[in-house]
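Q: Would you mind keeping the following structure in view while I ask a few things?
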Amino acid sequence: MTGSVALVGAGPGDPDLLTIRALRAIESADVVVHDALVGAGVLDLVPAHVEQIDVGKRPGRGVPQELICTLLVELARQGKRVVRVKGGDPFVFGRGGEEALVLADAGVDFEVVPGITSSVAAPAAAGIPVTHRGVSAGVTVVTGHRRAGEHDVDWRSLARVGTTIVVLMGVSQRATIAAELRAGGLTDDTPVAAIQSATTDNETIWRGRLDALADAPVDSPATIVIGAVAAMDVTAARAFVTSGA
Ligand code: SAH
């Protein structure tokens, strides 16, 4: 009896942003193993008879990554169809890559179901296109997380690239990030937006300048957008066109 694991991206929160393949996987699961950032509306779609295990890593607590990997392997070896649900896309800061490597190593049959990443969906919720002809020719998605006091990202070099910067997990380090980007040459008035709990009932959007980011009233989970596109709101433009019609 051999089970399998599906590493499924659940999108940013709104269940309407699940892929059809993700929904099918959830509906045919024996057990769903999910993170903290999976939207409540998504978990509502898990059939009542399906076992749910919350391994959410919240700051300061949660299940260690090695234990999650062991759990996935064990459940699959019990012959279960395991659906590992992660926020956004499993391979964008979701540690899905690590889990895939462990599953492959253990000889467990697995598939990856990509999801809509918050690095694109959260800006979109605010009407911000991460690239825009004539405004931004690219986007760099980075983590604001610091490991052992060291930033993983060379912010000063990034400031010189000139593309849109999208920061995930950056709320607690936003003062340092802003200072480093300014030291790297970004001007104080560089537009910034922070979209918190995008596509959920708790969504909030803050807009301002780089020199105000340190004091921006933003809590995790939030996606921070830095660069000219952060001043845009194409949905406002659409509303304007509609009301004028
Ligand atoms: N794999 C996920 C990212 C995991 S890292 C993805 O592709 O979206 C977790 C970070 O994602 C959070 O700290 C936050 O920066 C961002 N995030 C996740 N859900 C979010 C949401 N609904 N709104 C805004 N940002 C979100």
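The values are calculated or read from the model by the stated rules, or taken from the named source; none is laboratory data. Bear in mind the structure is a predicted one, so any value in this text is a computation, not a measurement. Cβ sites come from the backbone with ideal geometry, for glycine too, and all protein chains shown count toward neighbours.
Q: Only residues that are within 14 Å of the ligand (Cβ to nearest atom) and surrounded by 16 or more Cβ atoms within 10 Å (Cβ to Cβ): list them for region 217-229, please.
A: Within region 217-229, V218, P221, A222, T223, I224, V225, I226 qualify.
Q: Name the one entry in T117, T131 that is under 30 Å from A231 (Cα atoms), touching a residue at least 12 places away in the same chain (Cβ under 8 Å) and more than 16 Å from the ligand (Cβ to nearest atom).
A: Only one candidate passes the filter, namely T131.
Q: Okay, next question. Tell me which strands (runs of 3 or more DSSP E) are completely within region 77-163 and hold 1 or more residues being assigned by TED's automatic domain parsing to the domain that holds E27, or say none if there are none.
A: 81-86, 109-113
Q: Tell me the residue from V82, V33, V38 that is among the aliphatic types (A, V, I, L, M), surrounded by 21 or more Cβ atoms within 10 Å (Cβ to Cβ) and within 11 Å of the ligand (Cβ to nearest atom), please.
A: V38
Q: Could I ask something else about it? Could you pull out every one of the strands (runs of 3 or more DSSP E) wholly within region 180-226 that has 1 or more residues that are more than 16 Å from the chain's Cα centre (by Cα), farther than 24 Å from R160 by Cβ and not charged (D, E, K, R)?
A: Ranges flagged: 204-209.
Q: Same structure, new question: Please go through region 15-30 and give me each residue that is in a loop (DSSP other than H, G, I, E, B) and either surrounded by fewer than 19 Cβ atoms within 10 Å (Cβ to Cβ) or modelled with pLDDT under 95 (or both), ordered by number.
A: T19, S28, D30
Q: Checking G170 against (1) surrounded by 20 or more Cβ atoms within 10 Å (Cβ to Cβ); (2) in contact (Cβ under 8 Å) with a residue 40 or more places away in the chain; (3) closer than 30 Å to V73 by Cα, which test does it fail?
A: If we test G170 against (1) surrounded by 20 or more Cβ atoms within 10 Å (Cβ to Cβ); (2) in contact (Cβ under 8 Å) with a residue 40 or more places away in the chain; (3) closer than 30 Å to V73 by Cα, just (3) comes out false.
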